[in-house]
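Worksheet: the structure to be examined is printed underneath.
Here, each number is a calculation from the coordinates, and none is a lab measurement. Keep in mind that what you see is a predicted model, and the values were worked out from it rather than measured. A quick note on method: Cβ atoms are made from the backbone with ideal geometry, for glycine too, and the neighbour counts reach across all protein chains shown.
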Amino acid sequence: MGVVRWICIVTVFAAAAADSPADELPTSNELLLIGSHPTTGSLKAAEASWQLAFDAGDQGVRRIAAAELVRWGHPAPLEQTALIALADGSILAVDEAEILRCDQDHLIVQSIEFGALSLPLDRLAGIVLKPSADPLARWRQIDRLFDATADADRALLANGDQVNGTLQRMHVRRAIFEGQVGRIEIDRRQLVALAFNPALTNPPHHDGLHAWVGLANGTRLRADSLVLDEANVTVHIGDIPIEAAAETVVWLQPLGGRAVYLSDLRPQGYRHLPFLQLTWPYRSDRNVVGGPLKSNGRLYGKGIAMHSASRITFEVPSDAVRFRARAGIDDSTQGDGSASFRVYVDGKLRFASPAIRGGEPPVDVDVELAGARRISLLVGFGERGDQRDYANWLDARFER
């Protein structure tokens, strides 16, 4: 790892406060396949070869190749627990986590949910030890762990200060850093998060078919393999195995199959025309203010977020046959906001929605792409100028 880092944390977290009712997620067994309308089903089995089995009720058991699946279920909100962020974007929510011992290269975790874990430090972006009670602030705490410009380990403190250096070790009372001024000791009670030096991380490379796997406590894992039976689920992130109870799996979204998500692609162009002066960038897999994508009470893991009035353009893959998405206003507006959604293919209008208001269900978008070269997604002003026009293109994808 270049620089040897020792971590020893022994801590017990207080019982996590529940998220507000507005952030609760209804249960969902929605099953969405390539080229099909949504149905429902319960995930019953998954094999390492990415073959899946769903209980479809009256239709019996359906066996499906993961490459044919767009999404099953929906992500759960992050709970107010310790959050371990892996360098590949995976997030492990640990209930009253304890780090049991020091090791040169590993973070040793004891979890009620996952049992004993040994996590290589070079696969981690950092740890949020004291997550905010506010769900949006919680996501922003995670974002701070992924500062690519950082060149050291960082301790993020409760008073807003930051200590840079090399983390040597931590125990129940203090963290010890080596910095430019020598040894620095930090009172453990003041420590909000640890962010590890990005130059020392070695995130796994996810090639070929893999998937996002979500658990009921908000854990999101980018799985290279998935094995699930009636009792247990085992997820491998590179060479890291993580096990949990099968019943905790609430979301599965394959990557590298027949669905190609626009949020994983680089656009050819993006432009926002501000109503007054405030400009808004587009966001991938987040809403425009940085929180999770959520419309009509459902969280989504994949999508593009834009503000009125804006336009984004992508090159269409040569093997794409359709563009599909759901278009709606993000729930973070609390019922405010309204916007229109349009899709142009090679300069021709192919889809136009009426004004969609906050709190209304998202509408389905389905556009044929045979022979197309470019696609543009436009969000226009609705009925109230640009007030909280937080527009989501949910599960926006090319279907191959």
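List of remarks:
- Ordered by the number of other Cβ atoms lying within 10 Å of each residue's own Cβ, fewest first, Thr219, Thr279, Thr333 fall into the sequence Thr279, Thr333, Thr219.
- For Leu255, the residues whose amide H sits under 5 Å from its own are His210, Ala211, Trp212, ignoring neighbours fewer than 5 places away on the same chain, with H placed 1.01 Å from N.
- Cα→Cβ-extended label distance, 7 Å offset, between Thr39 and Glu315, nm: 3.7
- Ranked Glu399, Glu68, Glu368, criterion: other C-beta atoms within 10 Å, fewest first: Glu368, Glu68, Glu399
- FRET efficiency for the Glu185 to Asp207 pair, using the beta carbon distance and R₀ = 25 Å, is estimated at 0.05.
- The Cα-based radius of gyration of region 259-399, divided by its Kirkwood radius, gives an Rg/Rh of 0.94.
- Relative contact order of region 259-399, pairs being alpha-carbon contacts under 8 Å that are 6 or more residues apart, as %: 33
- Cα centroid separation, region 183-242 to region 41-64 (Å): 25
- Largest-first principal axis extents, alpha carbons of region 340-400, Å: 37, 21, 15
- Net charge, Leu92 excluded, C-beta distance under 10 Å - Lys, Arg +1, Asp, Glu -1: 0
- Proxy reagent accessibility, fewest Cβ within 10 Å first, across Lys302, Lys348, Lys130: Lys348, Lys130, Lys302
- A viscosity of 0.890 mPa s and a temperature of 25 °C, combined with the Kirkwood radius over Cα pairs in Stokes-Einstein, give a translational diffusion coefficient for the chain of 110 µm²/s.
- Crossing angle, helix 135-144 versus the chain [Cα axis fit, 0-90 degrees, rounded to tens]: 70
- Net charge dipole, the chain: roughly 1080 debye, given to the nearest 20, about the Cα centre with Cβ charges of +1 for Lys and Arg and -1 for Asp and Glu.
- Chain lengthening between Asp264 and Arg373 when straightened (0.36 nm per residue, less Cα-Cα): 37.5 nm
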